[in-house]
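Values quoted throughout were computed directly from the atomic coordinates according to the rules given, and no laboratory measurement underlies them. Because the structure is predicted, anything quoted here is derived from the model rather than measured. Glycine also receives a Cβ, built like all others from the backbone with ideal geometry; neighbour counts cover every protein chain displayed.
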Amino acid sequence: MSFELLCCPTFKSQFEEILVTFPKSEASINQHLSELQNNPRYRDTDLYPGFGQLIVIKARIPLPEYKFSAREGLRFIFLVNREKNVIVPILIFKKGEFKKEHQVISKVKENLKMLLAEIETGKCVKSGFCREPPV
């Protein structure tokens, strides 16, 4: 089963910031997102606790262009809606950006509120990627 990526402005701006820091990794990150669309639960993902019935997953993304393994690279947290076959990216960040796990959880909750408002007002788009490759 294939899932669609629902890209919202809150996540898109974070994604753009990551690409400013790691511009050589855009293809790697997009490849990772594409793999998630085909199977949102694969070996490098963890179900993120504390979100009740919501399926929130944390994936580790390696950045081989910068010699970062999955353990050292990016963290990508996303929501899976199996009923609608949609993945909603919530947060992307470099490991170590947050000092404590409770800071990550607070940011995820904050972003979820903004994402739900964006979805409700129609600001999100279904797309293969959250940033179209340059022409």
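Some notes on this structure:
- Residue satisfying condition, being in contact (Cβ under 8 Å) with a residue 60 or more places away in the chain, touching a Pro at 6+ places or on another chain (Cβ under 6 Å) and not polar (S, T, N, Q), within set Val125, Val80: Val80
- Ala70, sole failed condition from (1) touching a residue at least 24 places away in the same chain (Cβ under 8 Å); (2) farther than 15 Å from Leu33 by Cβ; (3) small (Gly, Ala, Ser): (2)
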